[in-house]
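All remarks here apply to the structure that follows.
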Amino acid sequence: MGGINIVDMTTAPGWCPPVRVLLNNGQLAVGPLDPTPIVRPPVADIAKNVDTARGLRATMQPGPFNPDPSAGVIAAMAFLYVKFKQFGEWDYQRPPGRNEFVRGYRAFASFHYGLIMAAAGFSLDDAKSAAGHYNSSVGAKDQSGTAGNAIPNETNMTYGFRVYEKGLLP
């Protein structure tokens, strides 16, 4: 982690106390590899982020004012890169302005990524591939899963993707 303080939970303003992720069916989101509920920082507005991602989906559809949707795909990927990159607005493992990696939010960060990529209209394979390429570019130590993702991250990413597909969040 190159000089980053690894902490279980942070004291960053707006990042504590952790909030359990509640699904639309009234059940708590529970990670597939860890039987404890997935928690998010209070600053993470899932509904708002999903709405933003759905807006990106529209830019990737062909239509009279969008004859070349590939330009929308490129723009959507660039937008998401900025949001999800290390210390980006949606990097919920690293509070902005703090030299911390918060283990307590690792499951949520991957879950949220999968949820958002599904809402934006990407396939699960594309989501995994994009995350793996990013991990490779930053020299992530654990690339044991498919496409260069850590297995726990990939598992939670897939869970978030499936939760969106089933309509269990926004």
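Below, the figures for the structure above:
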| item | result |
| --- | --- |
| Sole residue being surrounded by fewer than 21 Cβ atoms within 10 Å (Cβ to Cβ) and among the aliphatic types (A, V, I, L, M), chosen from ALA140, ALA119 | ALA140 |
| Subset tally (residues that are touching a residue at least 12 places away in the same chain (Cβ under 8 Å) and out of contact with any strand residue (DSSP E or B) (no Cβ under 9 Å at 6 or more places or on another chain)) for the stretch 28-40 | 3 |
| Candidates THR59, THR36, THR52 - the one that is in contact with a Gly (Cβ under 6 Å, 6 or more places away or on another chain) and either surrounded by 12 or more Cβ atoms within 10 Å (Cβ to Cβ) or not small (Gly, Ala, Ser) (or both) | THR59 |
| Matching residues, the stretch 42-63, being among the hydroxyl-bearing types (Ser, Thr, Tyr) and more than 27 Å from THR10 (Cα to Cα) | THR59 |
| Single unsatisfied condition, ASP125 versus (1) surrounded by fewer than 16 Cβ atoms within 10 Å (Cβ to Cβ); (2) within 23 Å of VAL30 (Cα to Cα); (3) in contact with a Pro (Cβ under 9 Å, 6 or more places away or on another chain); (4) not polar (S, T, N, Q) | (3) |
| Candidate set: the stretch 134-151, residues that are in a helix (DSSP H, G or I) and touching a helix residue (DSSP H, G or I) at 6+ places or on another chain (Cβ under 7 Å); chosen: the one modelled with the highest pLDDT | ALA147 |
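Yes/no per residue for (1) exposed (fewer than 14 other Cβ atoms within 10 Å of the Cβ); (2) touching a residue at least 12 places away in the same chain (Cβ under 8 Å); (3) farther than 15 Å from GLY104 by Cβ:
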| position | (1), (2), (3) |
| --- | --- |
| THR11 | yes, no, no |
| VAL21 | no, yes, no |
| ALA44 | no, yes, no |
| ALA47 | yes, yes, yes |
| ALA76 | no, yes, yes |
| PHE84 | no, yes, yes |
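The values are calculated or read from the model by the stated rules, or taken from the named source; none is laboratory data. The structure displayed is predicted, hence computed values, not measured ones. Here Cβ is always computed from backbone atoms with ideal geometry, including for glycine, and neighbour counts include all displayed protein chains.
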